[in-house]
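Since the structure comes first, as structure tokens, the remarks are kept for the end.
Taken together, the values in this text are just the output of simple stated rules run on the coordinates, not laboratory data. Keep in mind that this is a model prediction, so the values were computed, not measured. Cβ atoms come from the backbone with ideal geometry, glycine included; neighbour counts cover every protein chain shown.
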Amino acid sequence: MASLAAIVAAVLLPGFSPVATSSGGGQILSGTFPGGERGGYVYLPPHFDRRVRYPVVYLLHGMRGSPDEYLDGTDLAGFADTAIGEGLLRPFIAIIPAAGPSRDYNGEWAGPWEQELLQTVAWTDAHLPTIAAPGGRVLAGLSAGGFGAADIGLRHPDLFGAIESWSGYYQPLRDGPFKHASKRTLAANDPTRLVRAEGGTLRRDGVRFFISSGPAHSHWFRPSESVAFARELRSLGLSTELRLYAEAKGEWRAQLDAGLEWALPAAHR
């Protein structure tokens with residue numbers, strides 16, 4: 001008999017195929033999202049049921065990285081299976097796309113890769129049983145993916161009900177798509193400027209923020225940047241959770257675990 005993942009892939013996700021069953025029964029499927037040039041992953045929770053509507057977490061990888069960061073580096077599926085099984089997390093779907101044509105790309109999720117993500121949101125709602133509303137979507141990322149989550153989430157406040165930046169930064173780097181960018185383009189992709197411009201809309205719609213950081217490891221990745229951004233969010237009356245981690249070892253796994261528990265707690269908690 002075909003596995004559940006194989007049936008789901010054949011019926012709901014053309015072009016995707018099952019690649020792994022995680023420890024608690026969740027399924028990992030691999031394929032290419034619309035507009036993408038590299039493969040990405042879909043995580044389906046244990047006991048996935050096509051009749052149930054699930055929240056969706058969109059996970060953005062770091063610069064010169066890949067979606068594998070969330071399978072190998074943070075063990076998303078293993079943590080999610082366990083937390084869902086223990087009643088700590090709501091069952092959810094995770095969408096893990098890839099930015100750029102190769103791992104060497106340093107696009108910060110800007111330009112065509114922002115558009116790819118927006119296409120992927122529409123594709124996900126069309127192909128999977130999702131809660132197709134901002135309250136059913138979380139946008140999160142590590143490092144440059146954290147910048148991307150803040151930038152894209154604030155540029156599209158009608159799409160995401162929760163925005164999470166894990167060890168992210170809050171100004172576009174003068175590299176990749178922003179290397180020769182005009183002041184206007186830089187300002188249009190500056191999360192601090194964006195949150196000031198969209199503060200009223202974000203507050204009205206109840207958009208929530210989870211900002212976290214490990215210890216400093218470069219000019220751009222400093223806890224002080226996360227603290228300053230969280231302070232800006234709070235000054236505008238926006239619901240903001242700030243977490244700081246002193247130890248570098250395992251910090252990304254810790255941030256992912258905490259961010260998911262914050263965004264998607266089980267209903268009885």
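Summing +1 for each Lys or Arg and -1 for each Asp or Glu among the other residues whose beta-carbon sits under 9 angstrom from that of residue 132 gives +1. Under 5 Å from the amide H of residue 131 lie the amide H atoms of 54, 56, each residue being 5 or more positions distant or on a separate chain, with H modelled from the backbone and absent for Pro and chain starts. The phi-based Karplus calculation (6.51 cos²θ - 1.76 cosθ + 1.60; θ = phi - 60°) puts the 3J(HN,Hα) values of region 54-61 at 10, x, 10, 10, 9, 10, 9, 7 Hz, whole numbers, x for Gly and Pro.
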